[in-house]
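What follows is a short report on a single structure.
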Amino acid sequence: MEVPGELVGALRRARSVCVLTGAGVSAESGVPTFRDAQTGLWERYDPLELATPEAFEQNPRLVWDWYAWRRELVREAEPNPAHHALAELEELVPEFVLVTQNVDGLHRRAGSRQVVELHGNLGYVICASERTPVSPDEFVPAGEDRPPLCPRCGSYLRPDVVWFGETLSMGRISEAQAAAAGCDVFLSVGTSSVVYPAAGLASEAARSGALVVEVNPQETPLSGASDHVLRAPAGTALPALVEALKD
Ligand code: OAD
């Protein structure tokens with residue numbers, strides 16, 4: 001795939017690069033996004049109704065089991081060439097921050113280090129009251145119809161992800177905004193650019209004079225405001241970008 005020379009030059013000169021990823025970067029690993037059709041036992045449930053505090057309130061065990069199923073799916077998935085290209089890009093630029101909306105942990109598994117998991121990580125479990133991490137060997141089983149309990153306070157355990165209607169961690173947002181405001185090149189990869197505050201990072205970067213690049217096979221609200229659009233799957237475009245940078 002052809003990568004614009006201006007973009008390669010900007011990456012070569014860049015002191016700092018910030019990347020935002022969404023579900024599209026994991027699509028080629030076969031990880032279903034919320035909007036993909038649910039399969040098997042979960043076919044009859046609407047994911048947007050499962051990933052909410054209300055659903056957890058009404059049926060904590062159902063929500064717990066849904067995340068256990070997704071954890072299994074992700075465990076069986078492998079990082080794809082897009083994840084690996086981003087891990088390689090991190091080594092090629094002086095400063096690099098990867099902000100992801102994904103909760104599948106695949107960036108870290110591919111070797112990315114400076115990762116801001118804006119929406120959390122479904123591989124981690126926290127106490128629903130204390131919001132502190134609980135490791136699997138500390139889970140207190142509470143029978144078939146309830147999630148396991150916190151060993152410290154007895155509250156239900158839950159996945160360490162941001163549910164619809166919940167606020168994101170201010171620390172993670174400020175880290176992401178600082179990275180976007182301070183970068184020379186901003187890559188928006190595999191996101192529909194409609195969920196804020198993540199979708200606002202590109203304009204934050206543009207305001208500070210960064211070159212904004214979108215990598216997505218489809219048009220998004222960001223496309224028209226991007227300096228470059230690589231209209232291709234991330235698993236094709238990102239390896240091509242890194243190869244061109246190394247030439
Ligand atoms: P979406 O499912 O909204 O968008 C996925 C984007 O990836 C779309 O624009 C696709 O065109 C694009 N895409 C698909 N395959 C691709 C590929 N192979 N390479 C590159 N792009 C590809 O997912 P997000 O934008 O991540 O929030 O959604 C953002 C947030 O919406 C999620 O984090 C979730 C949801 O509400 C929370 O969970 C809080």
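Throughout, read-outs are computed from the coordinates displayed, never taken from laboratory work. Computed from a prediction, not measured in an experiment: that's the story for all the values here. Positions of Cβ are backbone-derived with ideal geometry, glycine not excepted, and every protein chain shown enters the neighbour counts.
Could you look through segment 218-234, keep only residues that are in contact (Cβ under 8 Å) with a residue 24 or more places away in the chain, in contact with a Ser or Thr (Cβ under 9 Å, 6 or more places away or on another chain) and of a type outside the set (S, T, N, Q), and pick out the one that is surrounded by the fewest Cβ atoms within 10 Å (Cβ to Cβ)?
PRO221
Tell me, which strands (runs of 3 or more DSSP E) wholly within segment 134-247 include 3 or more residues that are within 12 Å of the ligand (Cβ to nearest atom) and under 29 Å from LEU92 (Cβ atoms)? So that I can check it myself, show each step before the final result.
Working: elements: 157-161, 185-189, 211-215, 228-230.
Hits in segment 134-247: 185-189.
From the list GLY143, GLY105, which residue is within 20 Å of the chain's Cα centre (by Cα) and on the phi > 0 side of the Ramachandran plot?
GLY105
If I ask for residues that are assigned to a helix (DSSP H, G or I) and under 22 Å from GLN114 (Cα atoms), which ones from segment 9-28 would you list?
Those that are assigned to a helix (DSSP H, G or I) and under 22 Å from GLN114 (Cα atoms): ALA10, LEU11, ARG12, ARG13, GLY24, VAL25, SER26, ALA27.
When the residues of segment 91-110 are narrowed to those that are among the charged types (D, E, K, R) and surrounded by fewer than 21 Cβ atoms within 10 Å (Cβ to Cβ), which ends up farthest from ARG12 (Cα to Cα)?
Going through the qualifying residues, I end up with ARG109.
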